[in-house]
Amino acid sequence: DKMPFHAYESPENAIRQLGRKAHEMYLEPGLVPQAMSYAADLYQNDIVYMRAAAFLPAREKAVETTKGLDIVDVSSGEVRYRVLDDSKTLLPVRRPEPPVKALGDVPDDPVTPWGALLETPTMRSLEAYVKAFKGRKFLFGFACGQSANALDSSLGTEEAMLATLEDPGLCRAIMERKWVELRETILALHALGADGVYTGGGAAPIAPRQN
């Protein structure tokens, strides 16, 4: 009897609604679901975007500085990223080498199945939304990063743009690999209790061909 309402709230602004700073999400990963849940109730949203906790890789840790955070390699002590005060953006100290330079670099090992994904800290952090809102709000999960984003993160921006013109086979291989990974994420989100999944709009056209 009413139009569904959703006031979009980014994780960083939701954290500010709690009187905290955005960069604190890397010091306290559970802060993201806490803040997003608070914002959903604050704005009386009918739709809730289930943003995961901001876990860093096990090899990295966040160290507070006067200007925000340094993200440090645990083994070497090298500063890999900096995060400015009240920001969420990871700024690389050195530009990393792209993981893919040729077709042979595209991973072909089995992807993590959805059942195993459900046991990861990232996916388990989404349980807070299900417990708080399932049955009274529409829950959206995220399975993004396909198409152009996958090319950019795999090849680097310049090489990705060149590859779209010069090496479409490599581009398709990267995007199809990403789709296989995203498919397991979508299945995990469904099993978790999501009512819908936001893909960014690019997943359908890059799905592998079916025989």
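The values are calculated or read from the model by the stated rules, or taken from the named source; none is laboratory data. What you see is a predicted model; the values in this text were computed from it and never measured. Glycine also receives a Cβ, built like all others from the backbone with ideal geometry; neighbour counts cover every protein chain displayed. Heavy atoms of the whole protein, side chains included, go into the accessibility calculation; ligands, DNA and RNA do not. Shrake-Rupley method; radii C 1.70, N 1.55, O 1.52, S 1.80 Å.
Volume per residue for the range 67-144 equals 190 cubic angstrom (convex hull of Cα atoms). Matching the structure-derived volume of the Cα convex hull per residue in Å³ against the labelled list (i) 158; (ii) 103; (iii) 121 gives the label (i).
Computed from label points 7 Å out along Cα-Cβ, the spacing between T157 and D41 is 4.1 nm. Charges were assigned to the Cβ only: +1 to each Lys and Arg, -1 to each Asp and Glu. The resulting dipole of the range 1-126 about its Cα centre is roughly 300 debye. Could you state how much accessible area K61 has, in square angstrom rounded to the nearest 10, with a 1.4 Å probe and all protein chains kept in place? About 110 Å², rounded to the nearest 10. On the basis of the beta-carbon distance and an R0 of 41 Å, F5 and A102 show a calculated FRET efficiency of 0.25. Bridgeable lysines around K131 (alpha carbons under 16 Å apart, same-chain partners fewer than 8 residues away excluded) are absent. Considering only T65, I15, L84, the residue lying farthest towards the positive end of the dipole of the chain is I15, judged by Cα position with unit charges set on Cβ.
Taking all protein chains together and a probe of 1.4 Å, list K131, K178, K67 from the most accessible to the least accessible. Please list the in-between numbers first.
Working: K131 170, K178 55, K67 150 Å².
Listed by decreasing accessible area, they come as K131, K67, K178.
Heavy atoms of the protein chains alone define the surface here; on that basis the chain has 59 Å² accessible area per residue at 1.4 Å probe size. With Cα atoms defining each centre, the range 8-49 and the range 54-79 are spaced 22 Å apart in the structure. Heavy-atom accessible area with a 1.4 Å probe sorts M123, M3, largest first, into M3, M123.
Between T122, A160, F133, the Cα set farthest toward the positive side of the dipole of the range 110-169 (charges on each charged residue's Cβ, about the Cα centre) is that of F133. Quick check: at a probe of 1.4 Å, how many percent of the accessible area of the range 36-184 sits on carbon and sulfur atoms? Ligands and nucleic acids excluded, carbon and sulfur reach 54 percent. Taking GluC sites (Glu not before Pro) across the range 28-101, the ones in a DSSP loop with at most 16 further Cβ atoms lying within 10 angstrom of their Cβ are E78.
Scanning the chain for DSSP H helices at least 18 Å long along the axis (C-alpha atoms) with a Kyte-Doolittle mean no lower than -1.0 picks out 168-192.
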